[in-house]
Protein chains: 2
Amino acid sequence: MSSPGNPPVRNNTQRVSDTGERALIERIRRRVPPAPPGLLVGIGDDAAVAAPDRGALQVLTTDALVEGIHFDRRFSTPADIGYKALAVNVSDVASMGGAPRFALLSLMLPIQTTLGEVDGLLDGLLDLAAETRVSLVGGNITRSPGPLVVDVTVVGSVKPRKVLTRGGAHAGDALYVTGQIGAAAAGLAWLRREAGEPDEAHRADTILPRPDEPGLAECVARYCRPQPRARIGALLGRTRTASACMDLSDGLADAVMQLSCASKTGAAIDPALLPLHPAARAWFTASGDDAIAASVAGGDDYELLFAVPPRAKGRLRGVLREARGVPITRIGELTDDRTIGLLSGSRLEPLPPGFVHF
Amino acid sequence: MSSPGNPPVRNNTQRVSDTGERALIERIRRRVPPAPPGLLVGIGDDAAVAAPDRGALQVLTTDALVEGIHFDRRFSTPADIGYKALAVNVSDVASMGGAPRFALLSLMLPIQTTLGEVDGLLDGLLDLAAETRVSLVGGNITRSPGPLVVDVTVVGSVKPRKVLTRGGAHAGDALYVTGQIGAAAAGLAWLRREAGEPDEAHRADTILPRPDEPGLAECVARYCRPQPRARIGALLGRTRTASACMDLSDGLADAVMQLSCASKTGAAIDPALLPLHPAARAWFTASGDDAIAASVAGGDDYELLFAVPPRAKGRLRGVLREARGVPITRIGELTDDRTIGLLSGSRLEPLPPGFVHF
């Protein structure tokens, strides 16, 4: 653990309802590392106050994880949930070409939540915060009469003229994706099969054991703790390699559609080029599913999809050299004719739909 | 209504579950006024991007309203809820001496939520946004398996050396409060009595009628739509009149305790000086309650408590002149001896506790 302060007791079964909001805030404040330069007021006042990054623009994003919608307590530990709640926001900042700086944590806690669970949430969140140099500077805690909700806001910075939007690409730009796809979807499918109750989220004291097979175990880990591509996003922005970028929070198919739509182009994806996670491919195939369809439709990958104009190919080689082992794969290109699909011979087949929130 | 775009149909009973997240985001985007200078990327991308206020620090705050905890659908219309969700955050920025600039809206919607209700939430939020010059720049929408949750983040700005914390005051500083206290608590008490089920929040298609008595109607309005003291907070910061400041979100008693504790002082409040709302005083007295105790314990006033050092009395007169009819009342002073209470002859009586979130 990266956090200083008194070590919290993870198996503390005292309920938050017997603790009080102030004591909880103080418990969190004690665990947060010393304030970075530029942070004038952190946790404990009405709001946080920080100096903006010199010469940079602010990047602002918020994303909530809701129990029963985005996570299942049988699948994810409190630390997984805290980690992922920050990860999804860091991913959004990365997809704009920015660097994350500050986080606000808004917690809605069911009355039976224990201090050990809150400590666990913080473990995960502060682990990723340390990895990505994010400071937790404030937030809010309240009771929830329903699900556990972890809503995180991240404020980042990006230099002017280095911002990556979804809409900056043109026909003829090549499409690339970081990492591998389908792993999170396969991990979730495995967890749901093991749990035996596909759509019913319920609270449980025990967490499902992980798969023995290392590839599938990695898929489950990708689902529970996605690795946001913070370094690569910032690199793509700083070097002006990408003309457009977004993350795969709702799956590759959705991202291709959103980016193409915002850039007013079509897109042709070559299924033979898609970097499917090998264990995901094996899992979907063994389950009788179309591995490509399942992988491009599956959400939660938190990889980056980006477009590279022909003139930026040299810069892309520079990014590849600095990617530190993260694969970056060309999967197709943006086209003139506004149709979007998977190449099948000379035809385009429609993309499967992405994750639906309602 | 201040918003351009197509007028939404408030009685639209189509469910959000039949609409989809993208269409909902687009529906909201269409209603948001044109981007202010400095906003480069607004609603619809992975994150918003904005230029920071030149020479200023960032103020960051988040606060959630949860159905069944912070509001009851029988008492508050969707527009009231949207208004208040922004108001509580604007109040936090004001209490730091800052000016609000941007808002992110994180909505968690039960599946039976209608488009008319979402339009109503936006009505209220955008009304206050226009009043306080706040731009809605992004957010998140997801389904909730439990309560309606409206979680807002506000980013504001404050000049260096004009920041008002809770901890900057000293013994001998006078304590002041804006507006009147107890109104929101009386309004809520009236609503609960009318509803007949004090602690049970349930969804209802009809909203309780407002009281006939104008004073009580004002109390209910203060509860449903608190007026954050945005102008006065910014003025107190800019003129360096206050040595410490916080808002009364959890009541005056709580605020006095928090400000004194952070400033390492005691506090003596003169109950004869407290600016109780006349209708609140009458309501509590008629209900057999101690009006002062009920008013200082009651949350939701969203007035500002601030300390003024003796040397800043001249500056305070300047603030009073610019307060545009909002009363500012001296209620006591900060003391050396770390005890906090209400003056009763020469003794101090303990303050009643404030709003408890758990």
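Read-outs: derived from the displayed coordinates by stated rules, not from any lab. Just so you know, these numbers come straight off a predicted model, no measurement behind them. Because the Cβ atoms are built from the backbone with ideal geometry, glycine has one as well, and the counts that use them run over all protein chains shown.
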Lysine pairs in chain A with alpha-carbon atoms under 23 Å apart, 8 or more places apart or on different chains: how many are there? 4
For the range B:16-158, what is the relative contact order in percent, using Cα pairs closer than 8 Å and at least 6 residues apart in sequence? 36
What's the extension gain from B:C261 to B:R238 if we count 0.36 nm per residue and subtract their Cα-Cα distance? 5.8 nm
Looking only at the range B:286-305, which residues have a backbone nitrogen under 11 Å from a spot 7 Å from the Cα of B:A323 in the C-beta direction? B:304
Take the Cβ-Cβ distance between B:E213 and A:R54 as r, set R0 to 60 Å, and report the resulting FRET efficiency rounded to the nearest 0.05. 0.60
Give the peptides B:145-158, B:325-338 in descending order of average Cβ contacts within 10 Å, highest first. B:145-158, B:325-338
Could you identify which residue out of B:T13, B:T239, B:T113 has the top mean-square fluctuation in a GNM of chain B using Cα springs shorter than 10 Å? B:T13
In percent, what relative contact order does chain A have, based on Cα pairs under 8 Å that are 6 or more apart in sequence? 21
Using a Gaussian network for chain B with springs between C-alpha atoms less than 10 Å apart, which of these wobbles most: B:L39, B:L304, B:L236? B:L39
Expected output is a single nm value to one decimal: the length gained when fully extending between B:K159 and B:A171, i.e. 0.36 nm times separation in residues minus the C-alpha distance. What is it? 1.7 nm
For the pair B:A23/A:R192, report the inter-label distance in nm, with labels modelled 7 Å from Cα in the Cβ direction. 2.3
Residue of A:H277, A:H170, A:H70 that the Gaussian network model of chain A assigns the largest fluctuation, springs spanning Cα pairs under 10 Å: A:H70
For B:S144, which sequence-distant residues (separation of 5 or more, or a different chain) have an amide H within less than 5 Å of its own amide H, given hydrogens modelled in the peptide plane? B:L109, B:I111
What is the range B:246-347's relative contact order, in percent, from Cα pairs under 8 angstrom and six or more apart in sequence? 50
